[in-house]
Structures are given as C-alpha cells and as structure tokens.
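What follows is a short report on a single structure.
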Amino acid sequence: MSTIQNAHALIIGIYNYHNINKLPTAVRKDAWDIYELLIEPSYCAYLSDNVDVLMNDKATKAGITEALDKLAQRCDSDSTVFFYISSHGGRIESGSYAGEYLLPVDAVNTSDSSLAQNAISSLDFTEALRKIPARKMVIIFDCCHSGGIGQPKDANATTFNAGLSDKYYDVLKEGRGKIILASSRSSEVSWILPDDANSLFTKHLLAGFKGGAIGVGGVIRILDLFNYLQPKVTADKPEQHPILKAEIEENFPIALHKGGESPPLPPTTSPSNAYQYDVFISYRSKESDKQLQVFSDKPYTDAKWVRKTLIPYLESQGLKVYVDFRFPLGHYFINCMEEAIQQSRYTVLIISPAYLESTYTEFQNIAAQQLGLEQRQPRLIPLMREECQPRLGLRTLFFLDMTDEDDFEVNVERLVYQLRQ
C-alpha cells in the first residue's frame, strides 16, 4: 500500500476541562477517530511518525504551543499539513482583552484577564501558523458545540461568547495555500445527533475520508472533501452550515483514497427525461467569431482542443455531448444556444483569454449559471484552459484546472465522474 510521505498532522481533542464546562465525550472520539483514520494504510495513509495527537490533559496551552512548533520544524514548503481541533472556542467582545481565543484544557475563567492569559489568542495562533512553511495546509475547527463555557466569576468581567467569528477565519486563511474549514457558522452551534457516537460534522468528515468524497487518481482533494461533507451536514441538520475559507492555487490532495485506490466511475446512463444531453460545451470558436464579426490576430486553439481532444474522450466514456457545430442548420444561433443549455444536464465552460472576449460565450455561461440558480442545482462546470481572470460570478465557482497537459488524464477523469452524477 502507498503512503503520503510528506504529509503531517496535528489532532487536538479537549472535552474534560479542568476549570470550565466540559464538552460531550463525543469530542474525544471525534479526535481519536480522525487520528486513527489518518494513519490507517488502507485509507488516508499518513505516516504515523508524522501525526501527533493531543487529548485532554496533554492539550495544555504549553502542550499545544510546543506541538505547533514541532510541526513547523519538520515541514517544508512542499509538505501537506492537516490540523484538526475540537474544543471550546469563543471571543471576548469588549475591553482590554477583547479578541478571539481557543481554550486549552487548563483554561481559567475567573476573569477576562485570567482567560486571556491561559488561552491561545488569535494573534498567537496566527503567528504559529505563519511559522509552518507548508503551502498546502488545512485547519479544521469543530469547536462551536452547544453549551457555553460558563460565566466568569468576576462580576465586572465581559461575557465570553461561544463560537469563533468569520473575521477570525479570514485572518487565519491569509497566506498562500491555506484552507480553513469550520463545522458551523459563527452564529450556529455544532450538533451531536441522538444515538450518534461522533459529532455531526466529524461524522461526515470521517465518511468522506472513508471513500465518500471523490477519489479520482487515488487521492482525496480538499475541495472535493468539503463538497461531499457540507451538504451532508446541512441535510441532517438544517441549522448547521459548515464553512470554508481559502487562499489556494490548486485543489490539492489531502489524503489517499482508500490507500491509493482510484474509485470506479459511476455507471454510464442515458440522460434523464429532463435532458437530451449530458453536457453542452461552451468555448470560443471561429464560427461564433464570424457571427459576431469579431476579428483578431490571436490564434484560437480552444476549438481544436475541444474537437480533437475533449469531445472524443467524453464520448468514449459514453457521455452524450452537445456542441455548437452540431446545431441544426437554418436555425437562429442564439436560439440554438438557449436550447443546448436547457437540454443539457451540465454546461462545461472552456475558459481562456479568448473565451472572455466573446459576448456569445458570455451569454452561454450567464444563462447556464442563472438556470442552475433557478433550479437550485449545479448546472455549470468551469474548466480553466488558459490562465486568466473571469468575471466575479464565475470566480465564485470551483474551477477544474486543465492548464497543464500533463494532468489531463487525472482531471478529465474527474470531469467524467462529475458529468455522470
């Protein structure tokens, strides 16, 4: 079996607090189950020497600080880092100690000052993360469980509010290659459902690592993991919405998929009665240029790549593809585009600088995006063929990076996997 040689992790689980309200024992199981799954060769396949776990009494402020320093020392710029913490977290809203804090097992809550001195402030944690040189880093918080830490004994102290804010997560994600995952919004709590051994968020996180998330190429990529668990959590508990904050340049692998096993593609099926085609390809073609009477000296290679490389591969996988050169003759071009988008389950955009110059392609991607919003389901898949900056509405979507021909086989397999859903 394979292992991820340069992946490192730190897992922290605190429920048996010394001086403040305890958390459910599921917190301990959450952290321990994550640890065991990460080092399991038949699943995530981290080297056990590269994974540290701090549970309860070991998760003091000094212990956590030391573990973060050790993590920074053994990583390099090519490392993958996975940090998971389940504990109390929250904020002091005003006063000289105002700020956000993670609470170690030895946190003291007699006053604002005692809490600030014994907790890990946002500034301290941000500085610790900056010392870690890895450019592929995931920090996961399952911290906002119901039930606060209790009120300070000092009558003049400011109330400590449970939950970490969006601003806190925004600060932490700054810097290249960081992703922040939180189990819920700052205004929500993270649930543990009756009869469940794990918290709701971590239950689905574990399921994603066990094969629920897409694992094309034998690896689980971080955005695919989030795309799996986020709707699962909210479907089970509509009051809980996991969030993601990111400053990344790629959808990087976070773990092996079942020890490096690439999953079989979903079976080929005929498009449902609602759609005649699996996918409509939206790209910059010479034909549409002529329709618009657009003239340019730029060489357009998108059409050749779509017709000679992409479409043959998709059709070899049993997918039914619609594309502009198959529009019926004698029909209005704009009407054909509308029908193509409506009759196709997905629209794939071949994004390039040339693509962004055409008003025809702009119409196609806006129409497909609008249709997806109206139907409350994904209908649009942007594929980055050449580096460029699309409009804001497209930048909110996850792009499939096809700028490197060497990665074509892995990425097109991921595309087929999605198109068969």
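The values are calculated or read from the model by the stated rules, or taken from the named source; none is laboratory data. Just so it is clear, the model here is predicted, and its values are computed rather than measured. Cβ atoms come from the backbone with ideal geometry, glycine included; neighbour counts cover every protein chain shown.
Quick look at the values:
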item	result
Criterion violated by Ile20 - all others in (1) surrounded by fewer than 17 Cβ atoms within 10 Å (Cβ to Cβ); (2) not in a helix (DSSP H, G or I) satisfied	(1)
Among the residues listed as Ser87, Ser96, Ser77, the single one being among the polar types (S, T, N, Q), within 17 Å of Pro253 (Cα to Cα) and at pLDDT below 95	Ser77
Evaluation of Glu357 against (1) closer than 19 Å to Val279 by Cβ; (2) more than 24 Å from the chain's Cα centre (by Cα) (one fails), failing number	(1)
Those residues of the stretch 234-257 which are within 19 Å of Asp30 (Cα to Cα) and either surrounded by fewer than 18 Cβ atoms within 10 Å (Cβ to Cβ) or over 14 Å from the mean Cα position of the chain (by Cα) (or both), in sequence order	Thr234, Asp236, Lys237, Gln240, His241, Ile243
The lone exception for Asp78 - which of (1) surrounded by 15 or more Cβ atoms within 10 Å (Cβ to Cβ); (2) farther than 21 Å from Lys258 by Cα it fails	(1)
Candidate set: the stretch 223-251, residues that are in a loop (DSSP other than H, G, I, E, B) and under 14 Å from Ile139 (Cα atoms); chosen: the one modelled with the highest pLDDT	Pro242
Residue check, Lys320 at pLDDT 90 or above and more than 16 Å from Glu362 (Cα to Cα)	yes
Residue count, the stretch 333-345 (criterion: part of a helix (DSSP H, G or I) and touching a residue at least 24 places away in the same chain (Cβ under 8 Å))	8
Residue list for the stretch 23-58, filter: in contact (Cβ under 8 Å) with a residue 24 or more places away in the chain, small (Gly, Ala, Ser) and assigned to a helix (DSSP H, G or I)	Ala26, Ala31
The listed residue being in contact (Cβ under 8 Å) with a residue 12 or more places away in the chain and out of contact with any Asp or Glu (no Cβ under 8 Å at 6 or more places or on another chain), out of Leu193, Leu244	Leu244
Options Ile180, Ile220; residue that is modelled with pLDDT of 90 or more, of a type in the set (Val, Ile, Thr), buried (at least 20 other Cβ atoms within 10 Å of the Cβ) and in contact with an Asp or Glu (Cβ under 9 Å, 6 or more places away or on another chain)	Ile180
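Results for (1) in a loop (DSSP other than H, G, I, E, B); (2) modelled with pLDDT of 95 or more; (3) assigned by TED's automatic domain parsing to the domain that holds Val412; (4) surrounded by fewer than 18 Cβ atoms within 10 Å (Cβ to Cβ), shown as yes or no for each residue.
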| residue | (1), (2), (3), (4) |
| --- | --- |
| Arg284 | yes, no, yes, no |
| Asp297 | yes, no, yes, yes |
| Lys304 | no, no, yes, yes |
| Tyr313 | no, no, yes, yes |
| His331 | yes, no, yes, yes |
| Thr347 | no, yes, yes, no |
| Phe363 | no, no, yes, yes |
